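Everything below concerns the one structure shown next.
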Amino acid sequence: MKAGYTIRSPQEKRALSALQPGSICIMQGELRAPKKETVPGTFDQKESLYQKGIHWIFAVQSIENCKP
């Protein structure tokens, strides 16, 4: 699964930058299937991710209660 998130403020950026590998957070979001190419011969995100063993995208909407 691939996850993506957009930082929304400088304060949030500072808080998230304090996290270390292995931190545990509660994330809320939406599970989506990767997009398939819409124009023949163009980039096919679904196929590209599938070749890497990724079958879903988790679109993170919020990150809360992070603990080191």
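Before moving on, here are some points about what is shown:
- Extreme residue, nearest to Asn65 (Cα to Cα), among residues of the stretch 7-49 that are out of contact with any strand residue (DSSP E or B) (no Cβ under 8 Å at 6 or more places or on another chain), of a type in the set (Asp, Glu) and not in a loop (DSSP other than H, G, I, E, B): Glu12
- Of all residues in the stretch 35-49 being over 18 Å from the mean Cα position of the chain (by Cα) and of a type in the set (A, V, I, L, M, F, W, C), the one that is surrounded by the fewest Cβ atoms within 10 Å (Cβ to Cβ): Val39
- Meets criteria (modelled with pLDDT under 90 and among the small types (Gly, Ala, Ser)) for Gly41: yes
- Close contacts from the stretch 44-63, counting a first residue that is without any contact (Cβ under 8 Å) to a residue 12 or more places away in the chain and a second that is of a type outside the set (A, V, I, L, M, F, W, C) and surrounded by 15 or more Cβ atoms within 10 Å (Cβ to Cβ), with Cβ to Cβ under 7 Å and a gap of 6+ residues or different chains, come to Gln45/Pro34.
- When the stretch 50-68 is limited to residues that are assigned to a loop (DSSP other than H, G, I, E, B) and exposed (fewer than 10 other Cβ atoms within 10 Å of the Cβ), the one that is modelled with the lowest pLDDT turns out to be Pro68.
- Checked against the criterion of being modelled with pLDDT of 95 or more, closer than 21 Å to Met1 by Cα and surrounded by fewer than 11 Cβ atoms within 10 Å (Cβ to Cβ), the candidates Gln28, Gln20 yield just one match: Gln28.
- Flag if Lys35 is within 22 Å of Ile63 (Cβ to Cβ), in contact with a helix residue (DSSP H, G or I) (Cβ under 8 Å, 6 or more places away or on another chain) and among the basic types (Lys, Arg): no
The values are calculated or read from the model by the stated rules, or taken from the named source; none is laboratory data. All figures in this text were calculated on a predicted structure; none of them were measured in a lab. Backbone-built Cβ (ideal geometry, glycine too); neighbour counts: all protein chains shown.
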